[in-house]
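**Q** The structure follows.
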Amino acid sequence: MDNNLLWSNFLQIVKTKISPVSYDTWFKDTKIIKQDNNILSIQVPMVFHKKFLNETYYDLIDEIITNLIGNSFDLEFITEEEINDEDDELTKDTVDNEYTRINSNLNPKYTFENFVIGDSNRFAQTAAVAVAEQPGKIYNPLFIHGKSGLGKTHLMHAIGNYVLQNNNKKILYVTSEEFISDFIGINKKDENNFPVIEHFKEKYRKIDVLIIDDIQFLGGAEKTQQEFFHTFNNLYNSNKQIIISSDRSPDDLKLLEDRLRTRFRWGLTVDIYPPDFELRCKILKDKMTGHEVANLVNKEVIEYIATNCENDVRHLEGAITRLYAYAAIMGPDEINLNFAVEALKDYIGTSLYITNNITKIQKAVADYYKITIDDLKNKKRTANINLPRQIAIYLCRMTTEETIVKIGLEFGNRNHSTVLHAYDKINNELKINNELKEEINEIKNMIVN
Ligand code: ADP
Ligand code: MG
């Protein structure tokens, strides 16, 4: 059987054996690269998939492949980058959802299904799915950090909701403020003269998954930190899953005791970055769909909002709410750019100019070399695109305050060393190549005007 056919048969079968979220996360973007010497090489999107597929799905893949072609292969997982450089079903017990949900503090609104994925959050989302599928087994604790409004709380609830649906497990979601307030008064007795501390232990230690949001607020509260430390150890030692979020990395949680920070690093730490332009558009489209006026919205409106609300997803959601509220009042025939500018004038200012400097530079470079912004972002390495891309990266480094990570993200998720390499290359070239200097000056003029 030819590789493509084999894999598409395989995918159809595996799809029936695991949940849609698992399928999308682990299998959707895979394919067979080659088949030789009894080794089947499968391309996967990220390094992360290699470990997870090996540990969780190896047997299942092996079984299906063996059934399809009659003999077993050794499986090898490789990422696209590596190529360039050269189970089991979950136990689905039914649980009393309604009851558990109220006690879990989970918000059913936040799920994996409505979490839109892009380069800036893909790693965090993948890790979250891994934990949701195997709570307490592989990444413990899972520590998610990133600035406000980037989806940490959403992902944590999504994990909780997933576990609730697929596993008979007790879950508790709390913010660190709730944890603190539960802890205060722990030495008192309740109306039946029963020590409150017993309620506390009951609540926090008899669970399978503890989700604690915004741990940075625990800083300073020393006694609470101690109690959290005990709770953590207790759960951890009995292989219960702990999921923590914070607005900064464990190392930057200066107010927390060292021993807590050390423990946070035992598992997996993932960060979420601000969404790039492409993801902002995707999120806007996703969130706009379903609304009664959604089909009145022009494409340029999406781009206008995505360009002007750069920093976080909450900002994007606010823009949609305002736009739709304004539309409800005005009853427009179509929601075009003028309408959006009017509706959002107090929210994102009146400027029609592109405020994101990276986007501006990309546009100028693309126009100058008669290529598209997509060319700059994709993985193609042909010379006519490579040079413009390096020039654009160089200009971003030279003329904006953006971090290397952000620049890399806006250029199709390129890594740190690629960005630095592009910069060095152009920087050196400029010392000897006057023609290039001229070109870059012309581009700079286009950006200013
Ligand atoms: P954080 O906890 O990081 O401050 P939230 O999880 O509260 O951020 O996210 C803010 C809002 O943005 C929420 O309404 C959430 O649903 C939404 N959101 C964030 N990221 C995404 C995403 N990738 N897809 C869909 N909605 C998102
Ligand atoms: Mg949050």
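The values are calculated or read from the model by the stated rules, or taken from the named source; none is laboratory data. Keep in mind it's a predicted model, so treat the numbers as computed, not measured. Don't worry about glycine lacking a Cβ; one is built from the backbone with ideal geometry, like all the others, and counts go over all protein chains shown. These accessible areas exclude ligands, DNA and RNA; they are computed on the full protein's heavy atoms, side chains included. Shrake-Rupley method; radii C 1.70, N 1.55, O 1.52, S 1.80 Å.
**Q** Mind counting the residues in region 262-310 that are within 25 Å of the chain's Cα centre (by Cα) and open to solvent by less than 40 Å² (accessible area, probe 1.4 Å)?
**A** Looking only at that region, the number is 23.
**Q** Follow-up. Filter region 154-179 down to the residues that are more than 19 Å from the chain's Cα centre (by Cα), open to solvent by 10 Å² or more (accessible area, probe 1.4 Å) and within 16 Å of ligand 2 (Cβ to nearest atom) and list them by number.
**A** Scanning region 154-179 gives 173, 175, 177, 178.
**Q** Kindly establish whether residue 203 is in a helix (DSSP H, G or I), away from ligand 1 (no atom under 16 Å from the Cβ) and assigned by TED's automatic domain parsing to the domain that holds residue 252.
**A** So residue 203 fits the description; yes.
**Q** Anything in region 236-258 that is touching a Gly at 6+ places or on another chain (Cβ under 7 Å) and within 16 Å of ligand 2 (Cβ to nearest atom)? List them, or say none.
**A** The answer is 253, and nothing else.
**Q** Next up: Please specify each residue of region 194-215 satisfying the condition of being open to solvent by less than 10 Å² (accessible area, probe 1.4 Å) and closer than 25 Å to residue 146 by Cα.
**A** Within region 194-215, 209, 210, 211, 212, 213, 215 qualify.
**Q** While we're here: Using the structure shown, decide if residue 383 is more than 24 Å from the chain's Cα centre (by Cα), under 24 Å from residue 433 (Cβ atoms) and surrounded by 18 or more Cβ atoms within 10 Å (Cβ to Cβ).
**A** Values: more than 24 Å from the chain's Cα centre (by Cα): yes; under 24 Å from residue 433 (Cβ atoms): yes; surrounded by 18 or more Cβ atoms within 10 Å (Cβ to Cβ): no.
Spelling it out, it is not the case that residue 383 is more than 24 Å from the chain's Cα centre (by Cα), under 24 Å from residue 433 (Cβ atoms) and surrounded by 18 or more Cβ atoms within 10 Å (Cβ to Cβ).
**Q** Consider residue 323 carefully, then state whether it is within 16 Å of ligand 2 (Cβ to nearest atom), aliphatic (A, V, I, L, M), open to solvent by less than 80 Å² (accessible area, probe 1.4 Å) and farther than 30 Å from residue 228 by Cβ.
**A** Numbers: within 16 Å of ligand 2 (Cβ to nearest atom): no; aliphatic (A, V, I, L, M): yes; open to solvent by less than 80 Å² (accessible area, probe 1.4 Å): yes; farther than 30 Å from residue 228 by Cβ: yes.
Here the answer is no, as residue 323 does not meet what is asked.
**Q** Specify the residue that is surrounded by the fewest Cβ atoms within 10 Å (Cβ to Cβ); the eligible residues are those in region 117-153 that are within 12 Å of ligand 1 (Cβ to nearest atom) and among the hydroxyl-bearing types (Ser, Thr, Tyr). Working first, answer last.
**A** Within region 117-153, the subset within 12 Å of ligand 1 (Cβ to nearest atom) is 117-122, 124-125, 128, 144-153.
Now restrict to residues that are among the hydroxyl-bearing types (Ser, Thr, Tyr): 120, 148, 153.
Details: 120: 24, 148: 12, 153: 19.
Going through the qualifying residues, I end up with 148.
**Q** Restricting attention to region 216-238, report how many residues are open to solvent by 80 Å² or more (accessible area, probe 1.4 Å) and within 16 Å of ligand 1 (Cβ to nearest atom).
**A** 1
**Q** Six or more apart or on different chains, Cβ under 8 Å: which pairs go from a residue in region 365-381 that's farther than 18 Å from residue 447 by Cα to one that's among the hydrophobic types (A, V, I, L, M, F, W, C) and assigned to a helix (DSSP H, G or I)? Could you list them?
**A** 375/366; 375/385
**Q** Shifting gears a bit: Which condition number does residue 413 fail, the rest of (1) at pLDDT 90 or above; (2) surrounded by 15 or more Cβ atoms within 10 Å (Cβ to Cβ); (3) of a type outside the set (Asp, Glu) being met?
**A** That leaves (1) as the condition not met.
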